[in-house]
Every structure is written in structure tokens, then in C-alpha cells.
1. Tell me which residues, restricted to region A:13-36, are in contact with a helix residue (DSSP H, G or I) (Cβ under 7 Å, 6 or more places away or on another chain) and of a type in the set (Val, Ile, Thr).
2. I need every pair where a residue in region B:169-186 that is under 10 Å from B:Cys154 (Cβ atoms) and in contact (Cβ under 8 Å) with a residue 60 or more places away in the chain has its Cβ under 6 Å from the Cβ of a residue that is in a helix (DSSP H, G or I) and not hydroxyl-bearing (Ser, Thr, Tyr), sequence separation at least 6 or different chains.
3. Report, by residue number, each residue of region B:162-201 that is among the polar types (S, T, N, Q) and surrounded by 18 or more Cβ atoms within 10 Å (Cβ to Cβ).
4. Against the condition outside any loop (DSSP other than H, G, I, E, B), among the polar types (S, T, N, Q), at the interface with chain A (Cβ under 9 Å from one of its Cβ atoms) and over 16 Å from the mean Cα position of the chain (by Cα), how does B:Asn204 come out, does it pass?
5. When both residues are 6+ apart or on different chains and their Cβ atoms are under 6 Å apart, which pairs have a first residue that lies in region A:82-111 and is more than 17 Å from A:Gly159 (Cβ to Cβ) and within 14 Å of chain B (Cβ to nearest Cβ), and a second that is part of a helix (DSSP H, G or I) and modelled with pLDDT of 95 or more?
6. What number of residues within region B:109-130 satisfy the criterion of being assigned to a loop (DSSP other than H, G, I, E, B) and either touching a Leu at 6+ places or on another chain (Cβ under 7 Å) or of a type in the set (Asp, Glu) (or both)?
7. Applying the selection to region A:137-146, what residues are under 14 Å from the mean Cα position of the chain (by Cα), within 12 Å of chain B (Cβ to nearest Cβ) and surrounded by 19 or more Cβ atoms within 10 Å (Cβ to Cβ)?
8. May I ask you to list the residues in region B:114-136 that are away from every other protein chain (no Cβ under 14 Å) and within 11 Å of the chain's Cα centre (by Cα)?
Protein chains: 2
Amino acid sequence: MKIAVLGTGMVGEALGTKLVQLGHHVTMGSRTPDNQKAAKWAKKNGINASQGTFSDAAAMSELVFACTKGEGTLDAIHSVGAAGLEEKVVVDVSNPLEFSPGMPPSLLICNTDSLGEQVQKAVPSAKVVKTLNTVNCEVMVDPTRASNPTMFICGNDSGAKAKVVTLLKSFGWEDIIDLGDIKTARGTEMLLPLWLSLMNVIGNADFGFKVVGRRKSE
Amino acid sequence: MKIAVLGTGMVGEALGTKLVQLGHHVTMGSRTPDNQKAAKWAKKNGINASQGTFSDAAAMSELVFACTKGEGTLDAIHSVGAAGLEEKVVVDVSNPLEFSPGMPPSLLICNTDSLGEQVQKAVPSAKVVKTLNTVNCEVMVDPTRASNPTMFICGNDSGAKAKVVTLLKSFGWEDIIDLGDIKTARGTEMLLPLWLSLMNVIGNADFGFKVVGRRKSE
């Protein structure tokens with residue numbers, strides 16, 4: 001598949017590299033056409049890896065991962081624009097973390113709204129899927145690092161969610177729960193404060209949440 | 001131990017009954033001295049079960065469970081008052097759910113504050129411990145119903161948390177993580193939107209969250 005990864009940070013790099021390894025054609029997008037981190041990543045990852053602006057990357061792809069920091073997600077999406085993402089699957093893996101008041105971060109958006117919903121509102125004709133935001137980027141692409149936790153998936157379009165589930169399974173995810181429409185992204189983003197407390201106590205990020213008990217509707 | 005259970009709903013009944021079964025002396029507290037549900041519960045549960053006002057219950061006990069609906073927790077705590085709870089362990093198991101705008105409920109307090117913190121501020125000389133609020137009341141007193149999930153515990157006083165851990169173990173909890181001070185209650189209360197989405201998808205409440213992965217600091 002032709003896939004865009006918007007963002008040159010740890011998350012974009014981890015997802016982009018894994019997707020190339022799985023045989024996909026990946027374009028890493030950034031604000032500028034000459035981003036050095038993106039150029040270095042593309043050079044390192046061979047013929048199926050390229051780079052460009054956010055718009056370039058989206059234009060070349062049928063599926064787009066939004067991997068910027070949460071505070072930059074809407075800017076990245078707006079810079080591509082609704083027309084550039086029309087009918088495309090947009091996988092939002094970011095969290096609306098607010099670091100400025102100091103640690104631990106709070107959320108910029110929560111409770112009665114979510115970043116996932118705001119992305120969907122920004123590009124109504126795109127098919128936004130929220131997932132992977134409840135684990136560290138190394139666990140995103142290798143769930144065995146965290147003993148195979150549960151992954152949640154949220155979005156309004158069943159076909160788009162099915163495509164993303166196929167990708168998640170190719171990363172190694174075995175336990176995936178479809179929570180429902182994009183509104184349910186609130187719950188997954190609101191898991192972050194607990195995740196951050198746990199990282200503080202546990203001392204590493206190789207963990208996740210497994211839903212256990214009587215799961216009769218599986 | 002002499003224990004108060006503030007609240008006559010499903011949570012108060014489940015906890016009160018389990019505590020009596022474990023040999024504790026339990027007083028169920030309610031707004032009025034002649035609450036019929038509390039009287040019925042006390043009659044059914046034998047010589048170690050009694051009932052009275054919130055203040056009566058707290059006065060007779062060294063440890064107090066706050067089991068009202070989240071919207072009523074601060075009222076119940078205020079009706080006992082700081083003097084009535086001085087140096088006592090107050091276990092807040094409630095969640096600040098806001099049902100009035102319709103389903104699914106949002107939270108009345110979150111992100112930069114929590115109900116746990118507000119209870120601690122209301123009774124500064126009490127030792128507030130937040131726990132059990134991440135599972136249904138039947139799972140609270142029998143974690144095997146949900147295949148032994150992880151239980152979180154938050155609070156400023158180590159001695160109080162140790163007492164509560166002993167009680168949790170007597171309920172059957174095997175995997176308990178101390179998240180830190182009462183501020184970390186934010187994360188456990190903010191788990192509720194995800195819990196509610198899962199209950200909607202799974203179709204029952206016999207589930208919980210197990211922290212899996214590399215938990216080196218255990």
C-alpha cells in the first residue's frame with residue numbers, strides 16, 4: 001500500500017520504518033520539503049521510502065498516519081487540507097498532551113471532545129481512525145514488547161477500520177477491540193494520564209493495558 | 001476493623017456485605033437516620049452490621065468507604081465534616097460521572113483536578129485513598145469475576161495505603177499498583193469513559209484492565 005507518515009519524530013520514524021519493512025511504499029511528510037530528519041530516514045530505508053511536505057506525502061498515499069505531537073496534529077491536517085485527504089483513511093495516533101504547565105502533562109482537549117473528533121471535523125470527507133495512541137511507539141510496531149496488550153480502534157467508517165485492523169495485525173497486534181465511532185476516541189485519549197503515572201512508577205514504556213474478564217461479544 | 005460504608009446503593013451494599021463476611025463491623029451510613037435500604041441491609045447482615053447517618057457511621061469507624069454516586073460524594077463528606085474524619089482513612093471509590101447531558105456520561109471533574117483530590121481538600125486531616133473506582137462493584141469484591149485485573153491505589157499517606165492494600169488483598173486482589181499521591185487519582189477517574197465504551201461493546205461489566213508488559217519495578 002502507499003502510505004504517508006506525517007511527522008518526523010520518534011513515532012513517525014518507528015511507524016515509517018516498520019511499514020517499509022512490511023513492503024509498503026512510505027512517504028514521510030513534514031512542514032518543509034527539505035526536512036533533514038525525513039531526508040535521512042528516507043535515505044536509510046531504501047527505495048520504498050521517500051519524503052516531502054505533508055501535502056506531498058498525502059497526495060502520494062491512500063492511507064495517512066498522523067504522527068506529529070498532538071499539539072501539531074490539526075496544523076498538519078489543515079496544511080494538507082480537506083481536498084487532499086478526501087476519501088482517504090487518516091489514522092490518528094497522536095494525543096493532545098499539554099506539556100507547558102509542567103509535568104505530568106494534562107490534556108489540551110478531553111471529556112466532551114477529543115483530538116480524534118477534531119481531526120474528523122477538520123476533514124469531513126476523510127475516514128478518520130483513532131488507534132495506537134495508548135502505547136509507546138516501540139510497542140505500536142511490536143506489541144510483544146509489552147506482552148500483547150489490547151489495542152483499541154475508533155472511527156465512523158467500517159471499511160477504513162477494517163483496513164487499519166489488517167495493518168495492526170501485520171504489526172503483530174492480536175487483541176483489537178473496535179470501540180465504535182470516533183467519539184469513543186475520548187476514552188482512549190483520556191487513558192494517557194494513567195499511562196503517564198504508570199510509566200513514572202514502572203520506569204519504562206514497555207507496557208500496555210489488556211482488557212481481561214468476561215468478553216462475551218468477542 | 002470498624003468500617004463505615006457511606007452510601008446505600010449497589011456499591012455500598014456490595015462492599016458492606018463483603019466486609020461483614022470478612023468479619024469486620026460495618027456501619028452503613030446515609031443522609032437520614034432511618035434509611036430503609038440501610039435498615040434492610042443491616043437486618044439481613046447480622047450482628048456485625050448496623051446503620052445510621054453518614055456522621056454516625058464515620059464516628060463509629062476507623063476506616064470509611066465513600067460509596068455514594070460521584071455527584072454526592074462531597075456532600076456526604078461535608079455532612080460528616082473534617083472533625084469527624086480527622087486522622088481516619090477515607091477510601092474514595094466513587095467517580096465524578098455527569099449523566100445529565102445523556103449517555104454516555106462525561107466527567108464533572110477531570111484533567112487538572114479529580115474527585116479524589118477534592119475529597120482530600122475537603123477533609124485535609126483525613127487520609128484519603130482512591131481505589132476500586134476502575135471496576136464494577138461486583139468485581140470490586142471479587143476480582144476473579146474479571147480474571148484478576150490490575151487495581152490502582154492513590155493517596156498521600158503510605159500507612160493508609162498499606163491498610164487499604166491489606167483490605168484489597170482480603171477481597172482477592174492480587175495485582176495492585178500504587179500510582180503515587182492523590183493527584184494520580186486523575187488518571188484512574190479518567191479511565192471511566194473507556195470503561196463505559198467497553199461495557200457498551202462487551203455487553204457486561206465483568207471486565208477490567210490488566211497492566212501487562214515489562215513491569216520491572218514490581
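1. Answer for region A:13-36, where residues must be in contact with a helix residue (DSSP H, G or I) (Cβ under 7 Å, 6 or more places away or on another chain) and of a type in the set (Val, Ile, Thr): A:Val26, A:Thr27.
2. Pairs found: B:Ile182/B:Gly116; B:Ile182/B:Glu117; B:Ile182/B:Gln120; B:Ala185/B:Gly116; B:Arg186/A:Pro193.
3. B:Thr184, B:Thr188, B:Ser197 - these are the residues of region B:162-201 that are among the polar types (S, T, N, Q) and surrounded by 18 or more Cβ atoms within 10 Å (Cβ to Cβ).
4. So B:Asn204 does not fit the description; no.
5. Once the first residue is more than 17 Å from A:Gly159 (Cβ to Cβ) and within 14 Å of chain B (Cβ to nearest Cβ) and sits in region A:82-111, its partners that are part of a helix (DSSP H, G or I) and modelled with pLDDT of 95 or more give A:Asn95/A:Gly70; A:Asn95/A:Glu189; A:Asn95/A:Leu192; A:Pro96/A:Gly70; A:Pro96/A:Leu115; A:Leu97/A:Gly70; A:Pro104/A:Leu196; A:Ile109/A:Leu115.
6. Adding up the residues that qualify gives 5.
7. Listed by number, the list holds a single entry, A:Val139.
8. B:Val128, B:Val129, B:Leu132
The values are calculated or read from the model by the stated rules, or taken from the named source; none is laboratory data. Here the structure is a predicted model, which is why all the values come from computation and not from measurement. Virtual Cβ from ideal backbone geometry, glycine too; neighbours counted across all protein chains shown.
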